[in-house]
Amino acid sequence: MANGKDTEARPARDADDRENGERYDPSTVEAKWQATWDREGTNRFTDQELRAPENPFYNLMMFPYPSAEGLHVGNIYAFTGADVHGRYQRLQGKQVFEPIGFDAFGIHSENFALKVGTHPMDLIPRNVANFTRQLRRIGGMFDWDHTVDTTTPEYYRWTQWLFLQLFKGGLAERKEAPVNWCPSCMTVLANEQVVGGLCERCDTPVEQRRIAQWFFRISDFAERLLTNLEHIDWSRTTRKAQENWIGRSEGAVLRFPVEGTQETLEVFTTRPDTVFGASYMVLSPEHPLADAVTTPERRTETEAYRERAAKMDVVARQKTEKDKTGAFTGGYCRNPATGERIPIWIADYVLMEYGTGAIMAVPAHDERDFEFARKFDLPIPRVIAAEGEDASTPLPEAYTGPGRLVNSGEFDGLEVEEGKRRITSHLAERGLAEARVNYRLHDWCISRQRYWGPPIPIVHCDACGAVPVPEEELPIILPRVEDFKPDDSGVSPLARVREWYETSCPSCGAAARRETDVSDTFLDSAWYFLRYPSAGQDEAAFDPEITRNWLPVDCYIGGNEHAVLHLLYARFITMALHDLGHVDFEEPFTQFRAHGLIVREGAKMSKSKGNVIVPDPIIEDYGADAFRLYLMFLGPFEEGGDYRDAGIQGPFGFLKRLWETVVPVEDLTEGAPDPEVERKLHQTIEQVSRQLPELGYNTSIAALMEYLNVVRSGGRQAARAEIEPVIPMVAPFCPHIAEELWARLGHEGSVFDGRSWPDFDPAKAREETVTVAVQVNGKVRATLELPAGTPEEVVLEQARAEPNVARYLDGAELRRVIHVPDRLLNLVVG
RNA sequence: GCCGGGGUGGCGAAACCGGUAGACGCAGGGGACUUAAAAUCCCCCGGGAGCAAUCCCAUGCGGGUUCGAGUCCCGCCCCCGGCACCA
């Protein structure tokens with residue numbers, strides 16, 4: 001390892017150029033240290049270290065999809081922010097495991113491969129190589145011995161294993177259900193991948209299809225996924241997004257007997273208190289009983305309506321949001337509360353996917369039912385009255401506020417919440433109701449009719465049904481198929497590869513057929529953090545001992561765009577593995593922090609706008625350190641920032657000045673620091689030590705800049721004791737220059753090893769002289785430079801002596817004096 | 001509509017527990033050095049009035065609490081994100 005002594009003696013001053021020493025040349029410094037880290041295997045863990053760590057800290061960031069374009073600024077921003085945190089932890093004496101990998105399976109890779117006409121098996125390694133080069137260049141503290149690529153059989157073997165565990169645990173099932181079909185991607189999508197009725201990848205309106213698909217029973221975990229959010233240390237925004245997605249609502253299932261049959265219609269409602277006002281029923285057009293309740297004379301119209309609804313995609317349905325449509329079936333139910341006969345309608349404003357696919361309509365107290373009743377001239381009986389209101393007047397709109405029950409028989413006068421409880425239990429006695437919690441969260445559809453993913457390890461046998469592939473036969477290798485274009489058939493391109501799918505049943509040995517669907521990419525990323533520390537082990541997906549040592553992840557940093565996709569799935573998979581006895585924790589990420597978004601000069605970056613920042617040339621010109629520093633300085637890390645091209649000048653100048661302050665090391669003053677500078681130093685140490693662990697990067701950097709300005713003020717020569725402690729504080733942001741300067745200051749070994757972080761001494765940070773603001777009636781009229789701890793009487797005396805204070809006191813009565821020691825004196829006069 | 005997060009100079013932002021609003025940086029202006037430029041260094045930089053001392057205004061808008069409010073409370077407006085015919 002290099003140190004100051006190894007470097008060339010200072011060249012004679014280059015009069016032309018600068019005053020002394022050699023110029024800060026980031027490319028040389030960075031190349032040198034990257035080579036050193038590489039050579040020495042810095043930040044790489046051996047198997048032994050993973051098995052017996054001393055002070056482990058698992059620092060995780062979201063692994064990238066290796067696109068052909070290379071790393072974009074968003075990646076670099078996220079990785080740098082996470083790396084700064086990892087390096088900070090390292091400086092605090094933690095053994096920091098900081099892995100990176102590649103999320104290279106999935107539709108995005110496959111689509112790109114189709115577009116450029118290159119097979120993904122050829123394309124991905126190229127992109128991975130390019131990403132690796134870029135990731136090294138930005139100076140991340142990555143453990144290159146524990147990287148993963150989800151497309152390698154060594155990895156997806158275990159993804160398939162994971163599927164089998166869930167299958168055996170009863171958490172994976174194949175069922176025919178309405179699923180989201182993207183006609184452009186030609187595959188089904190999970191609900192989480194449909195945004196506003198559009199495919200999140202290509203913005204094509206999604207169709208509903210009924211195809212048998214593999215689902216993971218994530219909805220069984222809804223309550224735990226929700227309640228655990230309360231005790232994990234996650235960004236509020238992310239927790240709230242998951243809460244919204246899980247969508248818990250408390251209510252009841254009510255049963256309405258269908259007239260002329262033994263059937264009952266079940267509805268879910270959050271307002272059982274309004275059941276006396278349920279004046280009609282509405283079934284979703286897809287409801288299984290819709291046909292049975294239809295009378296012969298209504299059949300033509302009802303069927304026409306159902307056909308029309310079936311043809312509409314989700315977007316078209318949403319467009320009609322306010323415009324209610326529907327058809328009367330001719331059938332009737334009995335209101336379980338009133339015994340009244342009420343008509344059954346079908347309408348597309350009732351969704352099959354939610355609740356029971358049927359509702360009791362209470363037009364007086366539900367906006368949608370109100371509109372529907374208005375449109376079809378149905379009665380609007382009111383059963384809730386607001387405080388002090390006359391309940392006999394017709395409603396101009398649905399009343400959904402608080403109040404008391406009216407027209408509700410024995411329940412009249414009850415307040416809404418009480419009414420819910422009493423009516424539910426009353427109906428429950430007759431078997432017509434039960435309290436129920438309903439969730440918006442649906443089971444996770446994980447099968448994809450595409451090529452570029454791990455084949456689902458199931459064999460279909462005519463005799464035995466869906467049979468799991470024995471674990472010892474994994475991986476089921478994804479064959480190289482030249483024609484992997486998806487089609488509209490509803491099956492994967494693998495279904496065209498007979499020699500691949502033809503097999504024998506693992507159970508009975510008869511001729512059988514492999515499952516030809518592959519699994520969703522989000523399954524690959526739902527467990528990769530478990531694999532990292534065990535990467536390279538081939539006995540298990542994750543080694544039990546190593547996993548006990550390192551997991552759950554201590555800190556995870558990533559984008560909030562994955563709040564309800566990746567982050568929810570990863571929690572579910574971990575919870576499932578916990579229940580199946582594979583891990584001893586339920587939550588994978590102890591801490592999660594969502595970083596903000598980088599925009600450029602106020603606008604979102606996008607390829608079409610042509611305002612995307614290309615990082616490589618910037619790094620070439622200013623170095624990775626300056627780029628990292630600038631990105632972290634832009635704004636609060638958790639809020640993002642506005643990238644301005646010229647802005648890097650500030651941080652770059654800081655590094656140049658830092659370099660010039662240290663570099664002819666011989667010029668540094670030995671001995672005691674200047675007391676004023678030392679005071680500022682300790683204030684800086686305090687601030688940085690407090691803010692850095694909380695990702696307060698921009699303010700930490702500002703404090704370091706401020707301190708350097710003090711050190712250099714008036715062109716003074718810095719003392720070693722003044723500047724040396726700065727190096728470890730700069731190191732998380734700018735590891736290369738920090739290593740170099742640390743070495744030049746004569747230290748053996750890396751700045752990240754040992755205890756280089758400066759200690760904060762409050763006594764040294766204390767100000768001897770303070771500025772006290774003197775206010776008169778709350779307005780600052782003067783400031784006083786006083787020794788710290790000056791008593792009130794003295795401050796007051798001095799304040800009175802200030803002409804600009806005295807003029808306000810003159811002739812007025814001093815009514816009150818408020819003294820905040822060492823800060824402020826407020827004189828209240830009347 | 002519901003649930004989060006925001007709104008502070010020309011710009012990105014800072015401000016601890018309610019105590020001098022605008023630290024740090026960018027851009028801009030002026031100056032030094034230079035034949036010149038780059039680089040570097042120094043000074044100025046919220047708005048208004050004034051020769052100046054100084055004064056007034058100013059943290060989205062309107063109220064309130066307080067000796068004192070960017071910060072706390074009430075009511076609005078706007079921007080960003082999540083959910084959304086979810087019963």
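The values are calculated or read from the model by the stated rules, or taken from the named source; none is laboratory data. These numbers were taken from a predicted model, which means no experiment stands behind them. Backbone-built Cβ (ideal geometry, glycine too); neighbour counts: all protein chains shown. Just so you know, the surface numbers come from the protein's heavy atoms only, side chains and all, with ligands and any DNA or RNA stripped out. Shrake-Rupley method; radii C 1.70, N 1.55, O 1.52, S 1.80 Å.
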Given an 8 Å cut-off on Cα distances and at least 6 residues of separation, report the relative contact order of chain A as a percent. 15 percent
Area of residue A:504 that stays accessible when all protein chains are in place (1.4 Å probe, Å², to 10): 60 Å²
Scan the range A:488-531 for GluC sites (Glu not before Pro) in coil per DSSP, keeping those whose Cβ has at most 12 other Cβ atoms within 10 Å, and list them by number. none
Could you report chain A's accessible area per residue, 1.4 Å probe, as an integer in Å²? 43 Å²
Could you give the nm distance between label points at residue A:511 and residue A:38, where each point is 7 Å from its Cα heading toward the beta carbon? 5.5 nm
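Please tell me which of these pairs span more than 19 angstrom C-alpha to C-alpha: A:115/A:311; A:240/A:607; A:115/A:607; A:656/A:680?
A:115/A:311; A:240/A:607; A:656/A:680
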Please identify the GluC sites (Glu not before Pro) of the range A:517-597 that satisfy two criteria: DSSP loop assignment and at most 15 other Cβ atoms within 10 Å. Which are they? A:539
How far is it, in nm, from the label point at residue A:828 to the one at residue A:227 when both lie 7 Å from their Cα along the line to the Cβ? 5.1 nm
With a point put 7 Å past each Cα toward its Cβ, work out how far residue A:609 is from residue A:676 in nm, to one decimal. 4.6 nm
Between helix A:299-311 and chain A, what is the angle of the helix's C-alpha long axis to the longest principal axis, kept within 0 to 90° and rounded to the nearest 10? 20 degrees
Ignoring any ligand, DNA or RNA, what whole percent of the accessible area of chain A comes from carbon and sulfur when the probe is 1.4 angstrom? 48 percent
Under 17 Å from the Cα of residue A:94 - aspartates and glutamates, other chains or at least 8 residues apart: A:49, A:54, A:83, A:143, A:554, A:694, A:753, A:759
Enumerate the amide H contacts of residue A:348 below 5 Å, restricted to partners 5 or more residues apart or on another chain; note that Pro and chain-start residues carry no placed amide H. A:325
Between residue A:417 and residue A:466, what is 0.36 nm times their sequence separation minus the Cα-Cα distance? Round to one decimal in nm. 12.9 nm
Could you state how much accessible area residue A:168 has, in square angstrom rounded to the nearest 10, with a 1.4 Å probe and all protein chains kept in place? 120 Å²
Which value at 222 nm does chain A reach when only helices count, each DSSP H run of 4 or more adding -39,500 (n - 2.57), with the total divided by all residues and rounded to the nearest 500 deg cm²/dmol? -10000 deg cm²/dmol
